[in-house]
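The values are calculated or read from the model by the stated rules, or taken from the named source; none is laboratory data. Every value quoted in this text rests on a predicted model; they were computed, and no experiment measured them. All Cβ positions, even for glycine, are placed from backbone atoms using ideal geometry, and neighbour counts span all protein chains on display. Surface areas here come from the heavy atoms of the whole protein model, side chains and all, with no ligands, DNA or RNA. Shrake-Rupley method; radii C 1.70, N 1.55, O 1.52, S 1.80 Å.
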Number of protein chains: 4
Amino acid sequence: MARKTIVGIMGPGENATPEDNEIAFELGKAVAEHGWVILTGGRSFGVMDAAMKGAHEGNGLTIGVLPNDNSVNSSDNADIKILTGMGSARNMINVLSSHVIVVIGMAAGTASEVALALKSNKKVILLNQDEITIRFFKNIGTYKVMVSSSVSETIAMIKDYLSVYHVY
Amino acid sequence: MARKTIVGIMGPGENATPEDNEIAFELGKAVAEHGWVILTGGRSFGVMDAAMKGAHEGNGLTIGVLPNDNSVNSSDNADIKILTGMGSARNMINVLSSHVIVVIGMAAGTASEVALALKSNKKVILLNQDEITIRFFKNIGTYKVMVSSSVSETIAMIKDYLSVYHVY
Amino acid sequence: MARKTIVGIMGPGENATPEDNEIAFELGKAVAEHGWVILTGGRSFGVMDAAMKGAHEGNGLTIGVLPNDNSVNSSDNADIKILTGMGSARNMINVLSSHVIVVIGMAAGTASEVALALKSNKKVILLNQDEITIRFFKNIGTYKVMVSSSVSETIAMIKDYLSVYHVY
Amino acid sequence: MARKTIVGIMGPGENATPEDNEIAFELGKAVAEHGWVILTGGRSFGVMDAAMKGAHEGNGLTIGVLPNDNSVNSSDNADIKILTGMGSARNMINVLSSHVIVVIGMAAGTASEVALALKSNKKVILLNQDEITIRFFKNIGTYKVMVSSSVSETIAMIKDYLSVYHVY
């Protein structure tokens with residue numbers, strides 16, 4: 001078995017909008033249907049939970065990297081629970097472990113993931129983001145930041161990226 | 001899909017003995033055949049690599065939780081690579097994410113995993129350990145430390161533990 | 001001796017502008033003259049180094065919380081070096097250990113510190129920032145984000161905050 | 001100001017014996033009188049608290065590296081509180097940040113610090129330890145482990161080590 005390709009799907013928990021959750025579900029499903037593993041922050045809320053639910057709809061494997069040292073408030077949709085006990089410092093692990101990162105919705109924790117990803121030279125796809133967010137991250141991340149306006153465009157971007165970089 | 005049960009197999013990397021590696025391979029295979037996921041420190045050496053190789057022989061899924069922020073020196077036998085960039089502090093994550101921990105062979109990093117596991121109230125099975133090691137960890141871990149002398153006895157202990165604690 | 005009050009001064013390393021560094025030096029000096037300890041990311045570049053140099057000009061005590069597991073590339077102006085070996089995940093420690101945080105200049109690592117601070121309900125003072133940055137962080141941090149346009153205004157904000165919250 | 005030399009004093013919290021605490025107090029005092037900074041796990045119990053109390057008796061500076069993301073249960077004797085929010089993974093930071101480490105008493109958390117120190121090639125002085133503990137750590141740490149039977153012998157060992165290695 002070769003190393004599995006991991007797509008990180010990041011976004012707000014409790015503060016996700018219904019639209020964020022809907023998009024996360026569709027993206028999780030599409031990512032799973034392409035045979036990629038879905039990694040999220042693992043909590044039972046918002047984008048994390050919705051993306052992993054969608055992944056199961058697409059028969060995918062899901063990993064939740066949790067802030068706590070136990071599984072309280074973790075999503076039932078996380079097949080593999082990585083318990084870090086590190087709080088939001090676990091965001092660094094989410095970012096490093098993902099071959100490519102898609103961000104849906106925005107909040108403080110999510111913003112830290114985008115920033116840590118750019119700091120770590122990871123490719124970040126911003127999906128369903130407002131103009132201020134896009135301009136801010138373009139300013140600090142330049143070519144590492146891509147902007148997508150739909151699930152299908154996002155999937156195409158991931159495919160392109162993986163084919164060029166032969167991620168292993 | 002329900003949360004997968006994770007068995008952590010810990011032991012030395014470069015300093016593992018051939019006997020450590022042989023036992024790790026057999027244990028990894030047996031753990032996989034029981035449908036449990038194998039988690040190790042993910043490096044391409046010693047007990048970590050042997051356990052995951054064995055797991056693949058048993059058609060199991062393997063997780064490697066790596067000390068580095070990239071996959072250099074990581075094992076080809078790790079299906080899912082969790083990159084932490086935290087050095088040996090990642091040992092805490094190995095321990096917290098495993099439902100039960102088996103330790104084969106001994107070295108400084110391995111000793112830290114046993115100690116962190118006991119601190120976190122995890123059950124630790126010592127396999128193929130010398131008398132001093134057993135007495136030391138019994139002194140600090142009391143009932144949380146179990147001693148096994150074979151792969152089959154270890155599997156029986158894991159089964160017992162999982163059946164009693166309904167680990168979720 | 002009571003717990004010392006810690007002011008975190010965060011900002012870019014290699015990518016800091018000369019103006020960022022100048023402001024950081026002045027702020028470090030002023031913070032030290034008020035008897036507060038200065039905490040930075042500890043590296044020998046940019047805002048981190050300049051703030052600690054200024055702190056020494058003001059006879060202050062400086063703490064550098066470093067990403068590496070050794071002191072390579074750490075600033076000679078860090079009196080106390082906390083070695084984390086965690087890479088950018090150490091940004092979380094910078095944020096948690098600071099009673100209040102001032103941010104000068106912007107880059108990916110710095111943005112992660114602001115975001116992690118807001119996620120951790122810390123007060124963040126943005127100094128010498130552009131309009132996009134201010135609007136982005138106001139959107140995700142609301143009342144926790146304050147905007148300052150000078151060193152003296154920043155010191156007044158810190159005083160106010162410490163007097164109200166009786167930080168201990 | 002040059003980088004301060006940091007002596008880590010590690011040992012049990014709630015489970016420290018009265019003798020452990022007494023020795024920790026005396027060692028903390030002696031370390032402070034030599035102008036070295038004392039670093040501990042920062043909690044308000046056992047060896048950590050006693051060592052920092054002793055350090056204050058010797059007019060020393062104390063650093064507590066805490067497991068929590070707030071100061072609950074932290075020692076009033078910690079002048080500088082580094083809040084990690086990482087639980088026992090913070091033990092790695094204690095070890096990396098100390099130029100030399102003295103261990104008084106034994107428990108699971110303490111054992112993890114000794115093991116992580118040896119893994120990180122740090123010098124560890126075992127003070128007031130039983131025969132099993134000494135033999136176990138000598139087995140895995142060889143020349144990096146030193147055994148001391150008194151506070152004065154410990155101070156002499158630290159002096160020797162610092163003079164040879166020109167720790168900076």
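Here are some notes:
- Point-charge dipole on Cβ atoms (K/R +1, D/E -1) for region B:1-67, about Cα centre, debye to 20: 400 debye
- Size of electric dipole in the protein assembly as shown: Cβ of Lys, Arg +1 and of Asp, Glu -1, about Cα centre, debye, nearest 20: 0 debye
- Residue of chain C nearest the C-to-B rotation axis [by Cβ], rounded angstrom distance: C:M86, 2
- Rounded, prolate or oblate (a/c below 1.5 giving rounded, otherwise prolate when a/b exceeds b/c) for the protein assembly as shown by Cα gyration tensor: oblate
- Copy-to-copy label distances for C:D160, where each label lies 7 Å from Cα along Cα-to-Cβ, are 4.7, 5.9, 6.5 nm in order of increasing length.
- Split the accessible area of chain C by element, probe 1.4 Å, and carbon with sulfur accounts for 47%.
- Pairs of lysines in region C:6-163 whose Cα atoms sit within less than 15 Å of one another amount to 9, provided the residues are eight or more positions apart or on different chains.
- The three principal axes of the Cα atoms in chain A give end-to-end lengths of 37, 35, 29 Å, sorted in falling order.
- Rounded, prolate or oblate (a/c below 1.5 giving rounded, otherwise prolate when a/b exceeds b/c) for region B:18-69 by Cα gyration tensor: oblate
- Once the convex hull of all Cα atoms in region D:88-168 is built, its volume per residue stands at 83 Å³.
- Label distances, nm, A:K4 versus same residue in remaining copies, Cβ-directed 7 Å point: 0.5, 4.7, 4.7
- Basic side chains Lys and Arg get +1 at the Cβ, acidic Asp and Glu get -1 at the Cβ, and with that the dipole of chain A about its Cα centre reaches some 740 debye.
- Simple rule: put +1 on each Lys or Arg Cβ and -1 on each Asp or Glu Cβ in chain B, find the dipole, and look at B:N121, B:I155, B:F136; the Cα lying farthest toward the positive end is B:N121.
- Cα gyration tensor shape for region B:1-89, rounded if a/c is under 1.5, else prolate or oblate: oblate
- Centroid-to-centroid separation of region C:1-53 and region D:32-66 [C-alpha atoms, Å]: 26 Å
- Taking every alpha-carbon pair under 8 Å whose residues sit at least 6 apart, region D:6-163 reaches a relative contact order of 22 percent.
- Net charge of neighbours whose Cβ lies under 14 Å from the Cβ of C:K123, counting Lys and Arg as +1 and Asp and Glu as -1: +3
- A cut-off under 15 angstrom between Cβ atoms defines the neighbours of A:L61, and their net charge, with Lys, Arg +1 and Asp, Glu -1, is +3.
- Share antiparallel - DSSP beta bridges, region D:6-163, percent rounded to 5: 5 percent
- Net charge of Cβ neighbours under 13 Å - reference A:K29; Lys, Arg +1; Asp, Glu -1: -3
- Mean partner shielding of peptide D:50-63, defined as the number of other chain Cβ atoms within 10 Å of each residue Cβ, is 1.
- Per-residue mean of foreign Cβ neighbours for D:127-134 is 3 (Cβ atoms of other chains, 10 Å radius).
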